[in-house]
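Have a look at the structure below before the remarks.
The values are calculated or read from the model by the stated rules, or taken from the named source; none is laboratory data. Here the structure is a predicted model, which means the values were calculated and not measured. Here the Cβ is made from the backbone with ideal geometry for all residues, glycine too, and neighbour counts use every protein chain on show.
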Amino acid sequence: MTSTRLRRALRGAAVPVLLLAAAFLLRAFSFAPAVIDTDEGLYMLQAREWLRGNWPLSGVWDMHPVGAPALFAAAMALLGEHIWVTRLLGVLGAWLTAWALHAIVRFATAPPALGLAAGLLYLAHSTLIGGLATNTEILFTPLTAWSMALGLRAARRALEDGVAPPFAKILAMGAMIGFALAIKPVAVFEGSLAWLLLVGPAWWRGLLPTPRALVFAVTYAALCAAPTLLFGFAYFLRGELAEFVNGAFLAPLRYAGARVGLLDAARYTLIVAMILLWAFVLVVPAVIRPRVTKGPVALLRRLAIAWFAAATAAVVMPGMYFQHYYLLWLPPLSLLAALGARRLARAARPGLVVAAFALLVGGVALDAWRSSTIPRLYGTIGLTGPDPVREVADAIRREIDPGEPIWVVNYHPTVHVLADAGLATRYAFPAQLSGRYWSVTGIDPYAEVARILASTPQVIVVDRGWWAGVRPRIAAMVDEALAENYDLATVVQEERGVVEIWRLK
């Protein structure tokens, strides 16, 4: 009996372990550079300051909820303030999503190979469109994906076995979606779909009376709101509720008010579709005149289509169409691509079906990984070549004492962490002070820049390659202050131009 249990445990662990190994292998190049995406560096800086008692939004401002820096802070508290820690968090997030896709296939009682294929396709494609960085989408997608798995299992049991969902699933899903919303509110669409999967079929078949369904709804809504409300209460106790409301609620509304036009939105979407081309090609045989219209495979197909629609709504909601927003497409897209590969493979001779399926999935996954890896190898940043961000941080460290404030005018916030430097302003994300998104803060940026310059930070960092993105009035204020009060200490060559490190005279 013991040996039987051990064999079952080993079989159950085989796929998660394989997916974890694949996640490390496919995302290995993420550990090389100091910066992949500037957003990630901001969350890291917020987390560092949080661990030192300066909370996000009030200590380091942003226009997102505080869920992402909370996860960063937890990881950094355990493992230290290192770049590899944040990238490890990304590996774990991608792995948990891939594992959830396998669980979805298993809960649907579809062939297990479909789940492994979907997980591998997700891991490979998550290295594209900004997914190598530990962005918010990488962090909250495991929560929505596992909620979808639980919802699908409940839906199948209601439809096939006549069993209503247990109340415990409401608690689990509400907690997961609640924290996903505390990372990024766009999770509301996938959270709503997961809720419909959990309750809808059981209610429709009369297994869940309407009064009990209403109790489920109220409980689920309360749990979804709970993490955000608890964070808000914590800020209230600190006397910083206004900062919490401004950063987590008002600023995103200002941001959404500057939506891109329909033509640009279509262009950005087409670019992403072309990057993910082979995955979309595999989707075609999955959805066009499918042979199987009932059973587990049909259930998976319907779920994936509905999930893709919910993810599309989440992509559209902010109105900006940055590539990493489309990472939300990947879980349902990977499921559909796996189904399409299965249908194409079944056209092969009986003895070659498995090999054809493996070749299709492996080829598409390998091509996605190849597409993301070539630029990394070509650039050699953090590999055999220099890493400008680390060079800038080293230059700053030579000019300051640990913790001394610096101002990074238009470069990566990560250098504060790498250089162990303090902050001259809580508006550490350049685009929100000196760049194009200044209006989201709700402050007078020129007054803030004047205050920073009057405080004479020991070091000012200027990226001349992106100097055209700094608003002219602020650029003039900075150049005047540099000419009067600073000497040029070091110049670091970046891909776009030079980064200047100026020290106080």
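Key figures for this structure:
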read-out	value
Test: residue in the stretch 135-153 that is farther than 27 Å from Ala21 by Cα and surrounded by 22 or more Cβ atoms within 10 Å (Cβ to Cβ)	yes
Enumerated strands (runs of 3 or more DSSP E) restricted to the stretch 431-505, each holding at least 3 residues that are at pLDDT below 95 and of a type in the set (Asp, Glu)	none
Check on Leu159, surrounded by fewer than 24 Cβ atoms within 10 Å (Cβ to Cβ), in the same structural domain as Glu40 (by TED's automatic domain parsing) and aliphatic (A, V, I, L, M)	yes
Residue within the stretch 296-308 that is of a type outside the set (Val, Ile, Thr), surrounded by fewer than 24 Cβ atoms within 10 Å (Cβ to Cβ), assigned to a loop (DSSP other than H, G, I, E, B) and touching a residue at least 12 places away in the same chain (Cβ under 8 Å) present	no
Qualifying positions in the stretch 372-401 - among the hydrophobic types (A, V, I, L, M, F, W, C) and either assigned to a loop (DSSP other than H, G, I, E, B) or touching a helix residue (DSSP H, G or I) at 6+ places or on another chain (Cβ under 7 Å) (or both)	Leu383, Val389, Val392, Ala393, Ile396, Ile400
Filtered residue count, the stretch 338-379, keeping only those that are over 19 Å from Ile129 (Cα atoms) and of a type in the set (S, T, N, Q)	0
Within the stretch 68-114, tally of residues that are of a type in the set (D, E, K, R), in a helix (DSSP H, G or I) and touching a residue at least 24 places away in the same chain (Cβ under 8 Å)	1
Pro65 vs. criteria within 30 Å of Arg238 (Cα to Cα), assigned to a loop (DSSP other than H, G, I, E, B), touching a helix residue (DSSP H, G or I) at 6+ places or on another chain (Cβ under 9 Å) and touching a residue at least 40 places away in the same chain (Cβ under 8 Å)	yes
Residue among Ala113, Ala98, Ala118, Ala94 that alone is of a type in the set (A, V, I, L, M) and modelled with pLDDT under 95	Ala113
Of the criteria (1) crowded, with 22+ Cβ neighbours inside 10 Å; (2) under 23 Å from Pro69 (Cβ atoms), which one Ile460 fails	(2)
Criterion: touching a Pro at 6+ places or on another chain (Cβ under 9 Å), closer than 18 Å to Glu399 by Cβ and free of Cβ contacts under 8 Å to residues at least 24 places away in the same chain - qualifying residue of Asp420, Asp463	Asp420
Test result for Leu352, of a type in the set (A, V, I, L, M, F, W, C) and surrounded by 14 or more Cβ atoms within 10 Å (Cβ to Cβ)	no
Close pairs (9 angstrom Cβ cut-off, 6 or more residues apart or separate chains): farther than 18 Å from Leu433 by Cα in the stretch 36-50, at pLDDT below 95 and acidic (Asp, Glu) anywhere	Met44/Glu81; Ala47/Glu81; Arg48/Glu81
Within the stretch 424-445, tally of residues that are surrounded by fewer than 20 Cβ atoms within 10 Å (Cβ to Cβ) and either within 25 Å of Asp487 (Cβ to Cβ) or of a type in the set (Asp, Glu) (or both)	2
Answer from Leu88, Leu128 - the residue that is within 27 Å of Ala419 (Cβ to Cβ) and either assigned by TED's automatic domain parsing to the domain that holds Leu250 or under 13 Å from the mean Cα position of the chain (by Cα) (or both)	Leu88
